[in-house]
Amino acid sequence: MIEQYMALAIQPTMRGAEKREDIKRNIAHISDVIDAAVWLSGIEMPVRLITIPEGALQGFTDELFDWDHQYYVDHMAIDIPGEETELLGKKAKEYNAYLIAQAKVRHPEFPGRFFNSAFLIDPKGEVILQSYKMQVFCQEHSTVPHDVWDKWIELYGYKLDSFYSVADTEIGRIGLLVCQEGDYPEPARGLAMNGAEIIYRSSAPEPAVANGWWELQNRARALDNTCYVVAPNVATYYPSQAAELSVDTFGGQSMIVNHHGEVISNHKYGSGSSYAGAIIDVESLREYRERSLFGNWMKDLRTEQFKLIYEEPLFAKNLCLDRAPLKHKDTHEIYRQHVRQLIERGIWVESTRSKK
């Protein structure tokens, strides 16, 4: 029996880190926001889950300033476990809570590469789950498993746990998504098919928040998979350590969505540090999955008919086995090639305007 508990989607101000030491400044601020959030929301229900958004530790310095990939590996990417996860683990132990965060990290099997990783820390302060972001947008320099596909399969096999790992904890089964992974239905479905009941999804930049994509996707991922989605987002962003003024590049709207696709908490103000908090009832979710013959969609999947959609490859694999991810200009050209492929295959119709 899992008792109801409070989950927090922390919405911190973020400062762009320019060296490893700068990360501690962000963690200190995150810790202050956690303290305030637990103080206020812990009186309603015990806080058992604390979530921190993408970028909160390091900012997006490499993306904003188009840093060289190897330079970031050498000067900014962290190790898991490491000093940063130890600091966050102390907060998890302090509040007897599970804590989820994100960072750009090194990988021992892929020297010269960094990955975008989400990780789950248990109430003992130990990292018990780590995921590697599978979908990145054209401004991000991170390596993804598909970029090193052959070696990834050699190391981890070709199974759900190789890409959609889930932790079975005392507060429910937890899976991890980062930013653009939530733009697609498949990553969340992969986690759900591997047992996830609570999905962490962070963050989204403007204009995706103000135009409604963020909320629409979070609600859809929860409804599609009959699960909770806890979605922390960033508040204001100081692009560099020296910046005197911040920019609201992410728009806030940290939210928590229940398994009916209903937003049960949404902090719409994005210009200052805060949080969204809501009660998670895992037993209610489990009962609904068992008893409903309507809204728990996964029970009805006729999987053979969906395989046809993905039989022909589109995005080339192994792009980063022998070279690091490229800078913005060259990466954009790869994405434009994908657009041309869709047109050449007759899947998309070319605009007559583009021919002028």
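Annotation: Ala37 fulfils all but one of (1) under 18 Å from Ile256 (Cβ atoms); (2) open to solvent by less than 10 Å² (accessible area, probe 1.4 Å); (3) outside any helix (DSSP H, G or I); (4) not charged (D, E, K, R); the unmet one is (3). Evaluation of Val148 against the conditions (1) under 20 Å from Met193 (Cβ atoms); (2) in a helix (DSSP H, G or I); (3) open to solvent by less than 10 Å² (accessible area, probe 1.4 Å) shows that the sole unmet condition is (1). Please specify each residue of segment 342-356 satisfying the condition of being surrounded by 10 or more Cβ atoms within 10 Å (Cβ to Cβ) and either part of a loop (DSSP other than H, G, I, E, B) or without any contact (Cβ under 8 Å) to a residue 12 or more places away in the chain (or both). Hits for segment 342-356 are Ile343, Glu344, Arg345, Ile347, Trp348, Glu350. Of all the numbered requirements in (1) among the charged types (D, E, K, R); (2) open to solvent by less than 60 Å² (accessible area, probe 1.4 Å); (3) part of a helix (DSSP H, G or I), Asp32 misses one, and that requirement is (2).
In the condition set (1) part of a helix (DSSP H, G or I); (2) in contact with a strand residue (DSSP E or B) (Cβ under 9 Å, 6 or more places away or on another chain), Glu54 is compliant with all but (1).
Suppose we filter segment 242-297 for residues that are among the aromatic types (Phe, Trp, Tyr) and over 19 Å from Ala192 (Cβ atoms); how many remain?
Qualifying residue count for the region: 3.
Does His141 meet the test of being of a type outside the set (S, T, N, Q), buried (at least 20 other Cβ atoms within 10 Å of the Cβ), within 20 Å of Glu109 (Cβ to Cβ) and touching a residue at least 12 places away in the same chain (Cβ under 8 Å)? Answer is yes for this residue. Can you confirm whether Ile80 is open to solvent by 20 Å² or more (accessible area, probe 1.4 Å), among the β-branched types (Val, Ile, Thr) and farther than 15 Å from Glu140 by Cβ? Against the criterion (open to solvent by 20 Å² or more (accessible area, probe 1.4 Å), among the β-branched types (Val, Ile, Thr) and farther than 15 Å from Glu140 by Cβ), Ile80 qualifies. For segment 273-281, state whether one or more residues are among the hydrophobic types (A, V, I, L, M, F, W, C), free of Cβ contacts under 8 Å to residues at least 40 places away in the same chain and open to solvent by 10 Å² or more (accessible area, probe 1.4 Å). No, that holds for no residue.
Considering segment 192-217, the residues that are closer than 16 Å to Gln11 by Cα and part of a helix (DSSP H, G or I) include one that is farthest from the chain's Cα centre (by Cα), namely Glu215.
Of the residues Glu86, Glu44, only one is assigned to a helix (DSSP H, G or I), open to solvent by 60 Å² or more (accessible area, probe 1.4 Å) and in contact (Cβ under 8 Å) with a residue 12 or more places away in the chain; which?
Just one listed residue meets the conditions, Glu86.
The values are calculated or read from the model by the stated rules, or taken from the named source; none is laboratory data. Keep in mind the model is a prediction, meaning the values are calculated, not measured. Positions of Cβ are backbone-derived with ideal geometry, glycine not excepted, and every protein chain shown enters the neighbour counts. Heavy atoms of the whole protein, side chains included, go into the accessibility calculation; ligands, DNA and RNA do not. Shrake-Rupley method; radii C 1.70, N 1.55, O 1.52, S 1.80 Å.
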